[in-house]
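Have a look at the structure below, then the notes.
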Amino acid sequence: KLYGGNTPENYIQNLVISGNQCSDFQITGMMLEKVSNLNVTGNLVTQHSAAFTELNGFYFIDISNEFQINANQISLSRNDVIVRGMIMQNINVDAQQPGLISNNFISLGGQQSLVYGLYIFIFDNIRILHNSINLYGTAGAFSTALLFDCQAGPTMLNNTFLNNIANNGLGGYCMIYNENAVARNLFSNCNYNNLRTTGAWFGMLANNNL
């Protein structure tokens, strides 16, 4: 885990993590907190066992200014645990220098596991482009390939979700889009995505099954 100071001027600056392989970790392959101008490119995260009750690929909190998360591969599987591919929370970038999550491949599996592919909470001015997410295994009724949420607020948000592929073969949801995300129009541009699930419901929109 790498983390910066508690105020933006003390965040880790201009961090580049490229071309690494993360494996044989206990809980999380890469955890970053309080970083400004982050570039995470071309890394491989693999783990198919878990010492605890959860297993995470990337876990990023409090990321500010322009960032890129590009061309990474995350492959995780474990039975009877919570498995998350990429989690991001509190992402603060402006419209002139938007964040980019692109061309990442996430493959997650397990038996009797709760699995989340891409989970982003509290974000604006992010482009999510050309990513591939695949969930496989059994008994994942509440698993989801995509989960998006934000805080309540008066302003509309400006995120882009284009040309992504997400498949949930576990039998849960393809996408969960919570009520605050609906109220604030979380994605101003959302097109040309290939989204699929083997579950009874495609997704959940503001606590309603679709």
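The values are calculated or read from the model by the stated rules, or taken from the named source; none is laboratory data. The shown structure was predicted, so the numbers you read here are calculated from the model rather than taken from an experiment. All Cβ positions, even for glycine, are placed from backbone atoms using ideal geometry, and neighbour counts span all protein chains on display. Each accessible area value is taken on the protein alone, full model and side chains, heavy atoms only, with ligands, DNA and RNA left out. Shrake-Rupley method; radii C 1.70, N 1.55, O 1.52, S 1.80 Å.
Sequence-ordered 3J(HN,Hα) estimates for region 153-161 from the Karplus curve with 6.51, -1.76 and 1.60 and θ = phi - 60° stand at x, x, 9, 6, 9, 9, 10, 10, 9 Hz, glycine and proline given as x. Dipole magnitude for the chain: about 360 debye, using +1 per Lys or Arg Cβ and -1 per Asp or Glu Cβ, origin at the Cα centre.
Computed with a 1.4 Å probe on the full set of protein chains, the accessible area for residue 188 sits at about 70 Å². Dipole of the chain computed with +1 at Lys/Arg Cβ and -1 at Asp/Glu Cβ about the Cα centre; of 173, 97, 41, farthest Cα towards the positive end is 173. Once backbone amide H atoms are built at 1.01 Å from N, residue 82 has 54, 55, 114 as its partners under 5 Å, excluding neighbours fewer than 5 places away on the same chain. Per-residue ellipticity at 222 nm computed for the chain from its helices equals -500 deg cm²/dmol, with DSSP H segments shorter than 4 residues left out and the rest contributing -39,500 (n - 2.57).
Based on the Stokes-Einstein relation at 37 °C and a viscosity of 0.692 mPa s, and on the Kirkwood radius from alpha carbon pairs, the chain is assigned a translational diffusion coefficient of 192 µm²/s. Phi angles of region 164-173 translate, via the Karplus equation with coefficients 6.51, -1.76, 1.60 and θ = phi - 60°, into HN-Hα couplings of 9, 10, 9, 10, 10, x, 7, x, x, 8 Hz per residue; Gly and Pro are given as x.
Using a probe of 1.4 Å on the protein chains alone, the accessible area found for residue 30 is around 20 Å². Amide hydrogen proximity for residue 92: with H placed 1.01 Å from N in the peptide plane, the residues at 5 or more positions away or on another chain lying under 5 Å are 63, 64, 65.
Projecting the Cα atoms of 14, 197, 4 onto the dipole axis of the chain, where Lys and Arg carry +1 and Asp and Glu carry -1 at the beta carbon, places 197 farthest toward the positive end.
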